[in-house]
Amino acid sequence: MQLFLTVHGLFHLYKTDIFNIFQEKDCLYSFTVDNNFNEWQLVPYCIRNSLIFSDDNDGFCYGDPNYTFKELKLKGVNSDYLYKWNTPIDTMNSYEKYRSLNDSSLETHRYCNCSDNWFGTRCQYSFNQSMQNFDEIISFQFKEKQSLKERYEIINDPSLLTCYEGLRCHSTICLDWREICNGLFNCENGEDEPEECFLLELNECEKDEYRCRIGTCIPRTFLVDFNPDCSDLTDEYLTYDEYFQDSDCYLSSTLVCDNRLCNKLNDFSCADGECQEISMQCNNGRDLFLRHNLLSSSMMNNITFQCWFLMLCSSGEINVNLMGYNYTDCQSPEDIPDKWDYFDSFQQICSTTFWFQDERNLLYPFTRHLYHNKISNDTAWWEPTHICYNQKECSSLPISNLSLINDWSCIDVEQNGIQFDTLELYLLFSSCSKTHLSLFNEDDSLFYCDESRKFISKSRVLDTKSDCYYFEDENFYYNFTLIIQLNLTDRFQCLFISQWLPRPLALDVRCFQDFDRLGLGKCDSSSDIACLFLRDQYTPSMNYIFRQNCDGIMKFDGEDENNCEEWRSYRCDGYWDMMNGEDELNCTNTVYGYITHAVFKCQSTEHYCFHPNGTVSCLSKDRAGDGFVDCLGGTDERKTLCHFPDSILDFQCSDGKCISIDYLCDQESDCLGNDDELICSWISNSTKIPFSMFSCQNLTFILRDKVCDNIIDCQPNGEDEWFCLIIFLRPSQFVLERLEEYPYSTTKLVSSDIDHHSSVRQQRHIDTNSGSNSLEKWFCNRGIIVIKRSSDIECLCPSSYYGRRCEYQSERLLISIRITTPVTLRGRQNKQNIFRLIACLIFNDSFVDYEEILHVPMMKQMFYLNYPRPPPKQRGNWTVQFYAYTVTRYSVNFISSWLFDVPFPFLPVNRLVLDLFLKEQETCYTLSCKHGSCRKYLNLPYQEYCQCEPNWFGTYCNVSYHCFCANGGDCISRNSISICVCPLGRIGRECHVLFDPCSNITCENGATCLPMDERETNKFICACRIGFRGSRCELKDAQMDIYFSKSFIFYTRLSSPAIIVHFLELHDHSPGIALTQNRVIHKQVQLNKLFRIYYNNHQYLSSLILLEIFFEPQNFRYYIASILSNNMTYVTTTISNSNHCPHIDEIIMNETIRQMPLVKRVKYYEYICRISRSRICFMDEVHLCFCDKYGDPDCLALQRQSTNCRTDYCQNNGQCIENEFNGTWDFGCVCGQCIYGSLCHLTTSEYVFSLDMIIGQDILENESLSIQPSLIKVIMSILVLMLIIGFISNGISFIVFKQPRAQQTGCGIYLFCLPIIGQIGLLFLTGRFFYLLGTQMSIVNNRLAAHWSCITLEYVLNVCPILYDWFTTCVAVERSINIIKGISFNKSTSVWWAKRMIFSLIIVVLSSTWYEPFIHHLIDDPRTTTTHTWCIVTFPWLWLKYYRLIINLINLIVPGSIHLLATLFLLHRTTKIKQILIKDQRQRHYFRLLIKQLPLYGSPLLVVTLSFLRLIFSFTLSCLTYQWQKYLYLTAYFISFCPLIMTLPMFVLPAKIYRTELKNLSYFR
């Protein structure tokens, strides 16, 4: 048996199962991505017709080999082979299900092994083109289409007219979905404009949204991002006024075409995204159907054929040819088709009144054109005299003098002065409405056009497009108070011309000066600062950049040119700041300096000067700027009539005339004294200088464009740069070369960016088959033609169409979504996790359609969700729910969810545009989720829902079912429908198919290969380790190693700081701004160690790297890490106090200057550089400033972003700082003293020991025990050893104290309890360690169990040592009482009291520590992809904190003190008794006897000592500053539990009575 291996292209069909409920079958996916605009699109092309399940089974496999699943298994075939053979995904899923589960019901299923170029479940499909992927097929088939403008025969094929079938009415042609709610009646009775359409006008957007003209909302962050998100394209400058190449839509399958609305009233929708004036025609021929039906309808009216043909001829050649006639038959005898020549014929053959409709009446049948032939001969007879309509459907038309003709209300065109213009007529009839307008008189969201009798949204006012017939919304264009009255916050106010514009139009020439003068540059890409400015994502704090101060050009309010006497001149920048130009002398780095000193040999105090006699000499600086012109052109006087800011005529002739420097040396005398030609003595009249060229002194020619470009082209004297200084304005560009490089000595590593793994794509010849019938290319309209074995043609329709020939328009929802995710969810940061999103369209709690995608950072991902067929969809609750998962090769973990209502569900086609922020999902307790947990959606209004456990679904997770997803997949279920969420590398409906594109891929430098979406072009990615990049991670990122000087040693004693690294770059189009190219936050940085950073995905480091270091809460500083003017791949730098960029308030001591407004204060920055020449940088509210090589200040506006977290995740008053950049977000917690942990959740300031605080930071998350640090292993060994020793000690003690003789006194009763308490405490101590270890090493799935485990462990661990201390104290007190009473001591009474005392102590201790269950809580780090909980202490009330402290102090001090006093008393009394009993006076010395008694009381003294050690440690070891303190803390912690294992040596072995009992037990055994 032979299996074919040769295939051309990969075409894996999806949804081939006949039980598919989503009304689509045999799907191929189109995937496109545009990295320039960060756009990602996924569209399924499927068979979507009523015969979807009637696939005939004749000719099974069509002669190709076929095998049962059983036969395939015997041959050792797996899904990898099937994938290479173009096997449908469902077939592979069923086969792998059979292989893995041995499902006998599937063994007879058959697989068709298709021959070359055929694919499908039965090898029934093929494409004629030999291409490698489906997207090439789509592109080829669309490019093959030819325009149908002149293919009049298409009217005989109604399937070439795409239609929306959800609304059928009396209309000229079937409706296009774009004609629903477009403001015009396309149906005779206005069914296409129901009352609910007015909701679009009433809609208002949130502050962080932008309102499209049609009324829908998009996120403000998507405005002007060069990827239209509004259906009418009004969110982009290039498409706001329809600068969109929509005429190419017939050649393109893009989503923007399929979902585009026409935003001009007078445009005709061609139903494929092309919008044209009707005279321009549609490339898909839709207008031909309209023309034909309009003309045909006229024939059925009371009109003779001769009159109809005359009117047909007057309507133009296209219509004549369309109706099957020859246009030559319409011409006059003189062969001049002049309409005026037909006036007599018109009056003769046409009746007095008649109806005739042509393409000019696009509103037919709602409006009708009426003609009268009794008109004057100077009237355009071919235009209607009346426009008639049904007044019942339009009572608000702003026309009063109407005529009633044949029950139609008719407007006299001439009497009302109506120009027969489509736009004017559309504006007129757009006032028609089915809505009772009186209901909206008080609505603040609307604007009323009085004369036009029309309500419009206030957002349409002054938007450059008229919506009212009498132009009330645009007439007061300069009435800016109206903008304020209407509160149009979405408008952009041009600063310098006081004009308000829709934000996309601010890029128009009307506002461009704003961007130039603010130094914002151009908005050419979404991330440009000018684009950010338009979106309100960047607000300049000043209306000009730093270098534009005191440059002679007044900006905005003129403050920049005030107080300039304090402004420091810039040396050697090519501009005369000083009147005598002294600042540009002796400059070796400028062109002017070279010409002055090297060419003309002038001294360091002289300028070169041309004289009227043509000679050149040197002029002292003292004679420059003195008000007298000494040199030609006035070059020595900057304040002449010619030299003023923005002047284009800078050369001053000796006669006072001003000319442009472009006129110099052009062989034409422009000055009366020939001044402009004297300077070029080498040019003679006989010299022929080519046009647009400049002649150098060596008689070579250069382009005149190169004159005064600050580059010497004429060698060696630089004639092309003479006199150029007079035209130079001060450069606004920040010059990096003026700064001293830092670090001063750097190493440049050579790095290659060549991707050695890139493959060379082979070019293939494509046979265009140009001779084929072009109409065949249109067979599937906007679908794709696929050939069947039965010689039939099938159509694969995109989601926007359905039908046998894709002739019907689908009701659908286009999702555009971008998600900002935690940094740990990015594939390159986390080696195993990828973010998978499931989007579900839901109707009344049932799935209708869904799509799943893998998240791509920074990409706007676009895909469809389809409504059921046939349209219209049901009315009800339509929502979209998004499920977010992290997926690995082996697991699927739910993160969180969003739920959105579908906006305006009455629209057949809609868009849901979202910019989402993924973060920790909040828990709730209001819902009773039986088999799940209460959660909140991440979007407003934060509704609550039940997140069900596996195999449960329902509103309250009370319905059980079996999840059929294999290989670690998870189920999403609603009612009877389930969706499988598969791990990475698993595909198929039930995740049975192994998809492993990484099998032959080698990722370098320790990277991990991850399988991606099989439907995408890139089937895998290499998740690079930090510091590497490239398709195979073969390239290194630019790297910087940072060391902190000893001056930071103080901060190493504090909690580890957080550092935000700003990678800043300079661009010519934003000259005065430091543009942030990347921003990364580093947490818990140890300043006494190497700090290494990488410039991700860049070969070279950025020009400036700035560190924002947060030392303590609310204490941060800026430090400059590097200033690089060359491309560097690796740099080592040191951060010291000299790198500090202090705020100017820390530098300027003059209070007057400090209190000045910023625009005035910057003039004094010279003093800062003068005070300290070694200073590198400083800051103010706006700028990052530097002191350059010449001691001059130069400043860049710094893009600042708030670092405050949206949600404060930090505990114990830690400062939460957040960083959001490039589609990811991260945060860090800056902790105060004695507070530790990534969330500041560990503290030593509560005078209570905690394992979490001591070793919590040492445990490695998600790592096995073998990889954990040695400290963790040692601690585990110690605890296990303590548990074993305790078990032996407490076990023996328990047996001893259980003996009747041992319990004859109360002391024995107390001692009997000690081993029990001790062993319980040891068990819970060990359990607490393994709880901490387990919650960090593995995922916590049962949060409730973890919570109660936390409370129980902490409660028992707190209670056991307290009870142990009190019981040992009771033993000491009992013994003291025994000594006091002597022979009168009553044993039975002591037993009676002991039992009650034990019970009382337990009650008191338990009740006094009632707070423990209330102060212990679980927290998670929201950045982690898996759930790792921390058991922390938080106080809901402040008084509880002090109450706990008091209780702990009492339990530490009181029993220890009593125990000490009782022990001392016992020691004293026993010594006294011994002293009395000894008769020898020499041996009765008190202190000698006391010393002899000490060994007998060693155990009580040891207990007291350990108690007081705990007390001392609790108050002295409050902070972990050094590593040795951690070990001391651990010692103290274990000491506090040592008594629990020492019952045997402390109480059994020292006492004779208990030793005897122990011996008796041993003897008995």
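The values are calculated or read from the model by the stated rules, or taken from the named source; none is laboratory data. In this text, all values refer to a predicted model and were calculated from it rather than measured experimentally. In this analysis, Cβ positions are derived from the backbone assuming ideal geometry, glycine residues included, and neighbour counts consider all displayed protein chains. We work out accessible area using only protein heavy atoms, side chains counted, and drop any ligands, DNA or RNA first. Shrake-Rupley method; radii C 1.70, N 1.55, O 1.52, S 1.80 Å.
Things worth noting here:
- Matching residues, the stretch 1213-1225, being surrounded by fewer than 22 Cβ atoms within 10 Å (Cβ to Cβ) and part of a loop (DSSP other than H, G, I, E, B): N1213, N1222, G1223
- Residue selected from the stretch 767-788 under the condition farther than 29 Å from T121 by Cβ and not in a loop (DSSP other than H, G, I, E, B), by the criterion modelled with the highest pLDDT: L775
- With respect to (1) over 30 Å from V913 (Cβ atoms); (2) modelled with pLDDT under 85; (3) loosely packed, with under 14 Cβ neighbours inside 10 Å, the lone exception for D17 is condition (3).
- Residue within the stretch 849-862 that is within 29 Å of S130 (Cβ to Cβ), open to solvent by less than 20 Å² (accessible area, probe 1.4 Å) and assigned to a strand (DSSP E or B) present: no
- Taking the stretch 1106-1115 as the range and being buried (at least 19 other Cβ atoms within 10 Å of the Cβ) and not charged (D, E, K, R) as the test, the residues that pass are L1106, L1107, I1109, F1110, F1111, P1113.
- Some residue of the stretch 287-310 being under 30 Å from D467 (Cβ atoms), open to solvent by 20 Å² or more (accessible area, probe 1.4 Å) and modelled with pLDDT of 90 or more: yes
- Only one entry of Y29, Y67, Y45 meets the criterion of being closer than 20 Å to D116 by Cα, touching a strand residue (DSSP E or B) at 6+ places or on another chain (Cβ under 7 Å), modelled with pLDDT of 90 or more and not in a helix (DSSP H, G or I), and that entry is Y67.
To keep it simple, each residue is scored yes or no on (1) touching a Phe, Trp or Tyr at 6+ places or on another chain (Cβ under 7 Å); (2) farther than 30 Å from C1210 by Cα.
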{"residue": "N1386", "(1), (2)": "no, yes"}
{"residue": "A1394", "(1), (2)": "yes, yes"}
{"residue": "L1401", "(1), (2)": "yes, yes"}
{"residue": "V1404", "(1), (2)": "no, yes"}
{"residue": "S1407", "(1), (2)": "no, yes"}
{"residue": "F1414", "(1), (2)": "no, no"}
{"residue": "H1417", "(1), (2)": "no, no"}
{"residue": "D1420", "(1), (2)": "no, no"}
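- Residue match in the stretch 469-484 (condition: crowded, with 21+ Cβ neighbours inside 10 Å, at pLDDT 75 or above and more than 31 Å from the chain's Cα centre (by Cα)): yes
- The number of residues in the stretch 120-147 being assigned to a loop (DSSP other than H, G, I, E, B) and in contact with a Ser or Thr (Cβ under 8 Å, 6 or more places away or on another chain) comes to 8.
- Hits in the stretch 1262-1292 (condition: surrounded by 14 or more Cβ atoms within 10 Å (Cβ to Cβ), over 20 Å from D1252 (Cβ atoms) and not small (G, A, S)): I1285, F1287, N1290, I1292
- So V1080, is it farther than 30 Å from S1172 by Cβ, assigned to a strand (DSSP E or B) and not polar (S, T, N, Q): yes
- If the condition is being open to solvent by 10 Å² or more (accessible area, probe 1.4 Å) and either within 39 Å of the chain's Cα centre (by Cα) or among the acidic types (D, E) (or both), then the stretch 270-286 contributes Q276, E277, N283, N284.
- Test: residue in the stretch 986-1000 that is exposed (fewer than 15 other Cβ atoms within 10 Å of the Cβ) and either of a type outside the set (K, R) or assigned to a strand (DSSP E or B) (or both): yes
- Residues located in the stretch 664-685, provided they are in contact with a Leu (Cβ under 9 Å, 6 or more places away or on another chain), within 18 Å of C708 (Cα to Cα) and part of a loop (DSSP other than H, G, I, E, B): I679, C680
- Across the stretch 88-119, the qualifying residues are those that are assigned to a loop (DSSP other than H, G, I, E, B) and either open to solvent by less than 30 Å² (accessible area, probe 1.4 Å) or charged (D, E, K, R) (or both), and the one among them that is nearest to R986 (Cα to Cα) is P88.
- Per the listing R368, R360, the residue uniquely outside any helix (DSSP H, G or I), closer than 30 Å to L775 by Cα and in contact (Cβ under 8 Å) with a residue 40 or more places away in the chain is R360.
- Scanning the stretch 568-622 for residues that are closer than 30 Å to I1168 by Cβ, open to solvent by 20 Å² or more (accessible area, probe 1.4 Å) and acidic (D, E) yields a total of 3.
- Within the stretch 1074-1105, the only residue that satisfies the criterion of being farther than 28 Å from C1033 by Cβ, more than 23 Å from the chain's Cα centre (by Cα) and open to solvent by less than 20 Å² (accessible area, probe 1.4 Å) is L1087.
- T239 vs. criteria touching an Asp or Glu at 6+ places or on another chain (Cβ under 9 Å), polar (S, T, N, Q) and buried (at least 23 other Cβ atoms within 10 Å of the Cβ): no
- For the stretch 1142-1155, the count of residues that are part of a loop (DSSP other than H, G, I, E, B) and in contact (Cβ under 8 Å) with a residue 40 or more places away in the chain is zero.
- Test: residue in the stretch 1395-1412 that is of a type outside the set (K, R) and in contact with a Ser or Thr (Cβ under 9 Å, 6 or more places away or on another chain): no
- Residues in the stretch 660-684 that are within 60 Å of the chain's Cα centre (by Cα) and not hydrophobic (A, V, I, L, M, F, W, C): S660, D662, Y663, D666, D670, D676.
- Taking the stretch 1037-1057 as the range and being closer than 20 Å to N1222 by Cα and either modelled with pLDDT under 90 or in a strand (DSSP E or B) (or both) as the test, the residues that pass are A1038, Q1039.
- Residue within the stretch 1226-1237 that is under 22 Å from T1076 (Cα atoms), buried (at least 17 other Cβ atoms within 10 Å of the Cβ), modelled with pLDDT of 90 or more and among the acidic types (D, E) present: no
- Filter pass, T1203 being surrounded by fewer than 18 Cβ atoms within 10 Å (Cβ to Cβ) and over 22 Å from D573 (Cβ atoms): no
- The stretch 892-919, residues that are out of contact with any strand residue (DSSP E or B) (no Cβ under 6 Å at 6 or more places or on another chain) and within 28 Å of I987 (Cα to Cα): K919
- Within the stretch 27-40, considering residues that are over 17 Å from the mean Cα position of the chain (by Cα) and among the polar types (S, T, N, Q), the one most open to solvent (accessible area, probe 1.4 Å): T32
- Scanning the stretch 690-708 for residues that are surrounded by 13 or more Cβ atoms within 10 Å (Cβ to Cβ) and closer than 20 Å to F651 by Cα returns M693, F694, S695, C696, R704, K706, V707, C708.
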